[in-house]
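The values are calculated or read from the model by the stated rules, or taken from the named source; none is laboratory data. Predicted model only: the values in this text are computed from it and were never measured. Cβ atoms come from the backbone with ideal geometry, glycine included; neighbour counts cover every protein chain shown. These area figures cover heavy atoms from the full protein model, side chains too; ligands, DNA and RNA do not enter into them. Shrake-Rupley method; radii C 1.70, N 1.55, O 1.52, S 1.80 Å.
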Amino acid sequence: MSHPTITEQLDDPEEARQSGRKKIEWARQHMPIMTAVAEEFGAEKPLDGEVIAMAMHVEAKTAVLTEVLAEAGAEVAITGCNPLSTHDDVSAALDANDTITSYAKREVDEEEYYAAIQATLEHDPTVTVDDGGDLVMAIHEDYPELIDSIVGGCEETTTGVHRLRAMDDDGALRYPMFAVNDTPMKRLFDNVHGTGEASLSNIAMTTNLSFAGKTVVVAGYGYCGKGVAMKAKGQNAHVVVTEVEPRSALEAHMEGYEVCPMAEAAEKGDIFVTTTGNRDVIVEEHFERMADGVVLANAGHFNVEINLDELDDLAVSRREVRDGVEEFELDDGRRINVLADGRLVNLASPVAMGHPVEVMDQSFGIQAVCVREMVENGDAYDAGVHDVPDDLDREVAEIKLAAEGVEFDGLSDEQVEYMGSWQHGT
């Protein structure tokens with residue numbers, strides 16, 4: 001392959017492998033869904049002969065998914081989906097597996113980042129698993145000859161699904177993709193609890209600051225924004241929400257949050273967290289209104305939500321004041337602190353470990369069964385974006401409930417008949 005693996009890029013790959021293996025083993029023992037899926041996949045080998053290309057946040061939980069797919073019979077080539085979210089030791093541990101090749105490395109430049117994505121595609125994948133859409137875009141733009149042999153793929157995150165739906169609307173998406181982000185077992189838990197907990201915990205660890213008594217401005221009140229707002233409120237912060245969608249703004253208002261435009265919120269906030277998936281959410285006019293010492297963090301996939309070019313133009317100096325915290329000093333002496341270079345704080349900050357293990361167990365359980373579905377029933381799906389079949393989502397939920405020892409009711413035959421009939425009246 002034209003791009004070096006992580007093993008070829010490390011000074012002491014053996015030490016890294018040992019460290020990464022410990023992290024993976026810790027995650028795996030707290031992932032009952034993936035354990036159940038691994039037992040089934042290991043016995044049945046539903047992915048035998050498949051080649052899977054992955055662009056993901058390569059850390060311990062992702063490594064469990066990667067290994068389970070390999071145990072199901074697949075050859076896997078994986079790289080990162082963000083220049084700062086890879087854990088090199090975990091990547092090295094994956095690369096030591098005979099059926100997994102890892103190109104993921106932390107702190108790569110743009111050229112290296114895309115070269116690693118291209119390297120995964122040189123394995124001639126039949127399935128893709130993506131987080132953010134860069135892998136799918138690279139296939140369509142640079143490797144269109146692969147499309148006829150790809151049975152389908154899965155997309156993990158909100159930003160990636162937005163990109164895929166835009167592609168689909170333009171008739172440009174040429175193979176089927178599951179919108180894993182949009183299924184209940186992902187959206188209701190990963191986006192709400194995972195993003196909420198991980199973003200705030202990494203802000204706290206990176207800054208060593210408390211949320212209590214502060215005003216936290218949350219940009220966007222989708223599922224991720226709801227999670228951040230709820231968790232910040234639970235830590236005794238005053239929460240202000242900014243929105244562009246009237247129903248989401250009304251929902252935030254009815255749930256007890258102050259709602260106002262960003263231009264107004266900029267004057268009130270102590271900590272800002274962007275969760276929109278869009279660009280230029282915080283820009284020059286907002287920087288000019290902010291108080292001295294504010295903290296800016298992004299929980300969206302790409303580093304475009306906070307316009308750092310405009311902030312840099314306003315600044316008379318910039319320096320790293322803590323590991324992962326860059327201070328921009330303005331000409332009037334005010335200081336604006338940006339975390340993790342404006343990249344998603346829960347995965348790109350120096351102390352980041354991503355979402356909690358139990359949350360990612362659910363999301364990656366969905367990924368695993370969706371890969372199996374594409375391989376076994378890919379002919380049933382036309383090119384385009386598809387919802388995850390409800391029976392797969394329920395399957396993963398039932399595995400989780402069983403692992404937690406939680407029992408739940410079922411419908412009687414009479415109830416099923418009643419709910420499926422239009423003939424019952426008063």
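Here are the numbers for the structure shown:
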| item | result |
| --- | --- |
| Radius 10 Å from Cβ of Gly227, net charge of other residues (Lys, Arg +1; Asp, Glu -1) | 0 |
| Projected label distance in nm at Glu112 and Val406, using a 7 Å step from Cα toward the beta-carbon | 4.2 nm |
| Mean residue ellipticity (222 nm) of the chain, computed from DSSP H runs ≥ 4 via -39,500 (n - 2.57), nearest 500 | -12500 deg cm²/dmol |
| 19 Å Cα-Cα threshold exceeded, pairs from Lys45/Lys400; Lys231/Lys400; Lys22/Lys61; Lys61/Lys233; Lys226/Lys400; Lys61/Lys186 | Lys45/Lys400; Lys231/Lys400; Lys61/Lys233; Lys226/Lys400 |
| Longest segment of the chain lacking GluC sites (Glu not before Pro) that sit in a DSSP loop with at most 10 other Cβ atoms within 10 Å | 108-406 |
| Helical segments meeting 27 Å axial Cα length and Kyte-Doolittle 0.0 threshold in the chain (DSSP H) | 357-377 |
| Correct choice for Rg and Dmax of the Cα atoms in Å that was computed from the model, options [x] 21.0, 67; [y] 23.3, 95; [z] 22.2, 75 | [z] |
| Added length on full extension, which subtracts the Cα-Cα distance from 0.36 nm per residue, Glu14 to Asp379 | 127.1 nm |
| Highest-fluctuation residue, Pro350, Pro261, Pro13 considered, GNM on the chain with Cα pairs under 10 Å | Pro261 |
| Top of Val304, Val161, Val345 by mean-square fluctuation, Gaussian network on the chain, Cα under 10 Å | Val304 |
| Probe 1.4 Å, accessible area per residue of the chain, Å² | 44 Å² |
